Amino acid sequence: MKRYIHRYFTAVTSKKGKWIILLAWILLVGILSTLFPQASSQKNDLASNIPTNALSQLADEKIKEEFSNDQGTPALITWFRSNGLTDKDVEQIQELTNQLTNAPLAHQEAIIPYHQLPIEGVKQQISEDGTTLVLPILFSNNLATSELKASIQKLEAVANGIFKKNPFDTARKDETILHARTTGPVGISIDATELFSQGDLSLLIGTVIIVLICLLVIYRSPILALIPLIGVGIAYGVISPLLGFMGEHEWIEFDSQSIAIMTVLLFGAGTDYCLFIISRYRTYLTKESIKEMAMERALHRSGGAVAMSGLTVVFSLLVLLFAQYGAVQRFAIPFSLAIFIMMIASLSLVPAILAIIGRLSFYPFVPKLEGQIINGRIIKTTKKRNTLGKTIGNVVTQHPWKVTILTTLFLGIFAVFSLKTVYTYDLLSSFPDDMPSKEGYTLIEEHFNAGELAPVSVIIDTEGATLNIEEELNKLAFIATVSEEESGRSNPNLVKYSIELETNPYSNQAMDELPIIRDTLEEKLAENGIKEPNEKIWIAGVTAEQYDTRELTNQDVKLIIPIILIMIAILLLVYLRSIIATFYLIASVLLSYFSALGLGWVILHYGFGVEAIQGLIPLYSFVFIVALGEDYNIFMISSIWKKRKKMPLLLAIKEGVAESGGVITSAGVILAATFMVLTTLPMEVLVHFGTITAIGVVLDTFIVRPFLVPAITSLLGNTVFWPSKKVHVKGNE
C-alpha cells in the first residue's frame, strides 16, 4: 500500500504530472458543468422534514380522507390600526374580498366573503379593542413557495388599488395609518424562503472575503492567499453539478439551508486541508532545490493526516443518513461529498498548483534553500527560536498535571451550563422582528387568542358512542375554544374538533399540552369501553408537527451521536493503533463540544438576551465540532507519533506541539471565522449554529489541541501506545 501511495505522490508532483492533474480538474469542471445542472437549480425548499409514519402525518392523511372542508393552506391577512379600525377601513376590506371573490388569485381556494356581510357583521369579527381584523385566504395545498409568493404579491397589488396607501408597505412604528401583514402557514413559508435566498450570495461573498483576509494576514503573500481559494473554487465546480445531477434524478434532496452550510464547510475545511499541505511544502522548500521534490516530501509527511482527517469527517457526515428528521438527513450527501471531493483536491489539485508555481507562491517572503549562496552569503539552517509553540510544549511536558486539571476545569465549568440550555422548535422565533409574518403573528397574539394562528385538529374514532368530547376538552384550562363536532365523510364514527390553544401554537408549552389532550381523550374513550384508545385518536396541525419534530430530533440524537463516536473510534484505532489514545482523543473533543454548547448558551442568553436556541442545533454542532475537532487532534498526534520513533516521547511531544501549533492555529482561526459568517444572516437558527460551532472550533484550537491532549499524553507516557509495541529510543523518557 505504501508503495502505491509513494507512486501516486511522485506522479502528482512530477514535471508532467502536475500539469496533467491541473488540466484534468479544469476539464472535469467543464464537462460536468456542461452535462449536469448546478445544485442551486435543484434545491427543494418544500422537502418534507417529518416522515409519513409520524403521528401528525397520519392525522393529516385521516383529515384528507374523511373531512372534505379541510382543503387549502391558510394565509392570515392581519389588518391593524392602533387607534381603531374605521368604517372606511372595513368598507375597503370588503371591496378587497369582493374583487378577490370575482377575480380569485392564482391557486386561491376560498376567502371569507366579508363583502356579503353588513358592516356591523364584519365589525363583530374585529378584536375587542377594535384595532385588529383577520382575513383568512385558503390556497391549494403543496404549492411551491414561489407560487404562493406570486399570489400574495398580486394580493398586495390589488390592495394598492383600493387603499390610499398600500397597507402591506407600511412601517409598524407609524401608528396613525392602516397596516396589513400576511402571516399563518403561507406567510411563514414565504418569509422563511426569502430569508434563506437573501443569504445565499452574501454568505458566499462573506466567506470568500473572510478566508482571503485570514490567509493574507497569516502568510502575507497575495499569491498564496489565492491558491486555497482557487482549489476550493475548482472543487465546488465539481461538487455543484454532481449534486445537481443527483437532485435532478431524485436520488437525493437538499434545500437552501443545506447549500448555505455546505458552502461554509467547504471553504473552512477545504482551506484547512490546504494549509496543512502548504505548511509542509514551505518547510521542505528550504531543504530541497527542486520544487517538485519538496512537494513530494510534503505530501509524504502530511498526506496521511489530511486523508485521515477528511475521511473522519466524511464518514461522520454519512451517519446523518440514519436521521429520521428530513432537514438533518438532507445534510448527509451534500456535506460528505463536498468534504470528499475537497480532500481529493487537497491531495492532487492544490499540490499540483503549488508545484507549478513553486517558491513564487510565497512571494514576497520566498523560502530560501539552506546552504544556497546568495550575494556571497551562505544561507544557513534557521536557528530555532523560543517560539510560542515551543513554550507551550515545555509547559505541557513539565507540568502535565496542572495543565490537565486547569483545562479540564475550564471546559467542565462551561459544559455544566449546557445542561441549562433551553431549546425551542418555534420557527417564528428565528425570524427577525420586522418580517411580515412575525409582525402579523404578534398582532394576532396581542389582540386575539394566539392559538388562532394555527389551530389543532383532533380526530377521534368514537365507534358510534356518545362521548361529549367537546365538554371534556373545554375542561382543560389551556384550551381557548373548541369547534363544533364534524363527522367523517365516509365513516360517521370519526369526528373532528378544531381547537385553539391559549398559548403560542409554536411554543414548547403548546407542544407539552398535546400529550395532556391525548391522555384526557384516551381516558374518556377507555371509560366508555372503547378498546385500544391510543389507536383511535389522531392530532394534526402545526403544533403536532413540531411535537413530532422534537421527538424525532431527540431520537436522532440518541442514535446518531453514538454511531459517529464509534465510527471515529474505529478510524482512530486503525490509524493510531492505540486504544488508550483513541479513548482520550474522543473524550477531549466531547468535553469541548459540551463546553461549546454551554459557553454558547452563556453568550447568547446572558449576553444577547436569547431566550432559547433552536432544538436542532445540538446535533448540527456535534457533527461539526467533533468531526472537525478530531481533525486537529489527528494532525498533531500524527506528528508526535512519527517523532517518537526518533526521539524520547516527551521530546516528541514538545516538537510535535511546536511543529503543528502554527498551522493548526491558523486553520482553526480560518474555520471559526467561516462559521462566524453564518451569524451575519437574518435567520436565528444559523446565527446560533454558527456561534456555537465557531466557539467549539476555537476551544479545540486554543485549549484542547495545544494543552489538554499533549498534557494527557505526557501523563500517560508510553502507555498511550497500548496495545502497540513500544518503540525504544535512547534518551530520558
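The values are calculated or read from the model by the stated rules, or taken from the named source; none is laboratory data. Please read these numbers as outputs of a predicted model, since none were measured by experiment. No Cβ is skipped: glycine too gets one built from the backbone with ideal geometry, and neighbour counts run over all protein chains shown.
For this structure, a couple of remarks:
- Qualifying residue in the range 676-684 (condition: assigned by TED's automatic domain parsing to the domain that holds ILE625, outside any helix (DSSP H, G or I), touching a Ser or Thr at 6+ places or on another chain (Cβ under 8 Å) and farther than 18 Å from VAL626 by Cα): yes
- In this structure, PRO648 qualifies as surrounded by fewer than 24 Cβ atoms within 10 Å (Cβ to Cβ), assigned by TED's automatic domain parsing to the domain that holds ILE405 and out of contact with any helix residue (DSSP H, G or I) (no Cβ under 8 Å at 6 or more places or on another chain).
- Residues in the range 553-598 that are polar (S, T, N, Q) and in a helix (DSSP H, G or I): THR553, ASN554, GLN555, THR582, SER588, SER592, SER595.
- Out of ILE20, ILE77, ILE50, ILE63, one residue alone is surrounded by fewer than 19 Cβ atoms within 10 Å (Cβ to Cβ) and either closer than 25 Å to LYS438 by Cα or hydrophobic (A, V, I, L, M, F, W, C) (or both). It is ILE20.
- Taken as a whole, the range 46-66 holds at least one residue that is in a helix (DSSP H, G or I), without any contact (Cβ under 8 Å) to a residue 12 or more places away in the chain and not assigned by TED's automatic domain parsing to the domain that holds MET295.
- Selected residue (criterion: surrounded by the fewest Cβ atoms within 10 Å (Cβ to Cβ)) from residues of the range 245-272 that are touching a Lys or Arg at 6+ places or on another chain (Cβ under 7 Å) and either not in a loop (DSSP other than H, G, I, E, B) or not charged (D, E, K, R) (or both): SER256
- Selected residue [surrounded by fewer than 18 Cβ atoms within 10 Å (Cβ to Cβ), of a type outside the set (S, T, N, Q) and outside any helix (DSSP H, G or I)] from GLU109, GLU95, GLU120, GLU147: GLU109
- Boolean, THR462 is among the β-branched types (Val, Ile, Thr) and farther than 27 Å from GLY72 by Cα: no
- Residue in the range 343-352 that is in the same structural domain as SER666 (by TED's automatic domain parsing), modelled with pLDDT of 90 or more and within 28 Å of ILE640 (Cβ to Cβ) present: no
- In the range 172-193, the residues that are not in a helix (DSSP H, G or I) and not basic (Lys, Arg): ASP174, GLU175, THR176, ILE177, LEU178, HIS179, ALA180, THR182, THR183
- Of all residues in the range 273-297 being assigned to a loop (DSSP other than H, G, I, E, B) and touching a residue at least 40 places away in the same chain (Cβ under 8 Å), the one that is surrounded by the fewest Cβ atoms within 10 Å (Cβ to Cβ): SER289
- Selection count where residues are under 22 Å from SER256 (Cα atoms) and acidic (Asp, Glu), scope the range 139-171: 1
- Residues being crowded, with 20+ Cβ neighbours inside 10 Å and out of contact with any Asp or Glu (no Cβ under 8 Å at 6 or more places or on another chain) - total across the range 319-328: 2
- If only residues of the range 156-193 that are more than 17 Å from LEU76 (Cα to Cα) and touching a residue at least 24 places away in the same chain (Cβ under 8 Å) are counted, the one that is nearest to the chain's Cα centre (by Cα) is THR193.
Table: residues versus (1) surrounded by 18 or more Cβ atoms within 10 Å (Cβ to Cβ); (2) in contact with a Leu (Cβ under 8 Å, 6 or more places away or on another chain).
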{"residue": "ILE392", "(1), (2)": "yes, no"}
{"residue": "GLN398", "(1), (2)": "no, no"}
{"residue": "ILE413", "(1), (2)": "no, no"}
{"residue": "PHE417", "(1), (2)": "yes, yes"}
{"residue": "TYR423", "(1), (2)": "no, no"}
